[in-house]
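J.: Submitted below is the structure of interest, expressed as structure tokens.
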Amino acid sequence: AQSVSQHNHHVILSEAASLELGCNYSYGGTVNLFWYVQYPGQHLQLLLKYFSGDPLVKGIKGFEAEFIKSKFSFNLRKPSVQWSDTAEYFCAVNTYNAGNNRKLIWGLGTSLAVNP
Amino acid sequence: DVKVTQSSRYLVKRTGEKVFLECVQDMDHENMFWYRQDPGLGLRLIYFSYDVKMKEKGDIPEGYSVSREKKERFSLILESASTNQTSMYLCASSPRGGTEAFFGQGTRLTVV
């Protein structure tokens, strides 16, 4: 069965520290990959996505992610976190269907707390 | 600005009540989804719909049903609410190609 695994459930960092959140998926076919973020009290929103092309994807607020096909990974990175990055981060995979990509497979999420 | 609107942010219902959660999107999306979000369990798909009057079960459909009579509206129904259905419910929509899902603010349902 298709699945998404996020390595860290809770991460605590100080401001200016570097961030890397791991995400691995299990599916052998073509995939679309996403990172979503949920700030406290807000709705889930897209951080970045990968469909094809350059495997290094840049998103909003200085985040980036690298798709490594051989490792089935799509890790999220940020060189220097801010207190405002405190949020829950979700990795998701959408398996490609020529007719209709119907649903996403979600990781369990990583809760990031950044101390000022 | 794209929008998915859920009818209530907070709801408190009694055990055994029939509960309706409403979701409306203004993006003309074909796909709509209902998830529940619980701490440590991530997002779990309850039902989804890829067209009007079409529905498919997700991973945890038991105790729920859905209705999609119009393209923009997707309703989640708890036939007889139970305390284990206390949760945050998220509605989402996406275009047919599934390029990105857009989420509503969520409804925090408490069943007492």
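J.: Which of the residues that make up the stretch A:37-56 are free of Cβ contacts under 8 Å to residues at least 40 places away in the same chain and either open to solvent by less than 20 Å² (accessible area, probe 1.4 Å) or assigned to a loop (DSSP other than H, G, I, E, B) (or both)?
T.: Residues satisfying the conditions are A:41, A:42, A:43, A:48, A:51, A:52, A:53, A:54, A:55.
J.: Any idea which of B:18, B:3, B:57 is more than 12 Å from chain A (Cβ to nearest Cβ) and over 11 Å from the mean Cα position of the chain (by Cα)?
T.: Only one candidate passes the filter, namely B:18.
J.: For the stretch B:100-112, which positions are within 12 Å of another protein chain (Cβ to nearest Cβ) and either open to solvent by 60 Å² or more (accessible area, probe 1.4 Å) or within 11 Å of the chain's Cα centre (by Cα) (or both)?
T.: B:103, B:104, B:105, B:106, B:107, B:108
J.: Continuing with this model, one more query. Here is a list: A:69, A:58. Which entry is out of contact with any Gly (no Cβ under 8 Å at 6 or more places or on another chain), at pLDDT below 95 and more than 14 Å from chain B (Cβ to nearest Cβ)?
T.: A:69 is the lone residue from the list that is out of contact with any Gly (no Cβ under 8 Å at 6 or more places or on another chain), at pLDDT below 95 and more than 14 Å from chain B (Cβ to nearest Cβ).
Quick grid of which residues meet (1) hydroxyl-bearing (Ser, Thr, Tyr); (2) open to solvent by 20 Å² or more (accessible area, probe 1.4 Å); (3) in a loop (DSSP other than H, G, I, E, B); (4) at pLDDT 95 or above:
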position	(1), (2), (3), (4)
B:43	no, no, no, no
B:48	no, no, no, no
B:53	no, yes, yes, no
B:59	no, yes, yes, no
B:62	no, yes, yes, yes
B:65	yes, yes, no, yes
B:68	no, no, no, yes
B:75	yes, no, no, yes
B:80	yes, yes, yes, yes
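J.: Looking only at the stretch A:9-26, count how many residues are assigned to a loop (DSSP other than H, G, I, E, B), closer than 18 Å to residue A:108 by Cα and open to solvent by 70 Å² or more (accessible area, probe 1.4 Å).
T.: Counting residues in the stretch A:9-26 that are assigned to a loop (DSSP other than H, G, I, E, B), closer than 18 Å to residue A:108 by Cα and open to solvent by 70 Å² or more (accessible area, probe 1.4 Å) gives 1.
The values are calculated or read from the model by the stated rules, or taken from the named source; none is laboratory data. What you are looking at is a predicted structure, and each value in this text was computed from that prediction instead of being measured. Cβ: placed from backbone, ideal geometry, glycine included. Neighbour counts: every protein chain shown. To get the accessible areas, we keep the full protein, side chains included, count just its heavy atoms, and leave off ligands, DNA and RNA. Shrake-Rupley method; radii C 1.70, N 1.55, O 1.52, S 1.80 Å.
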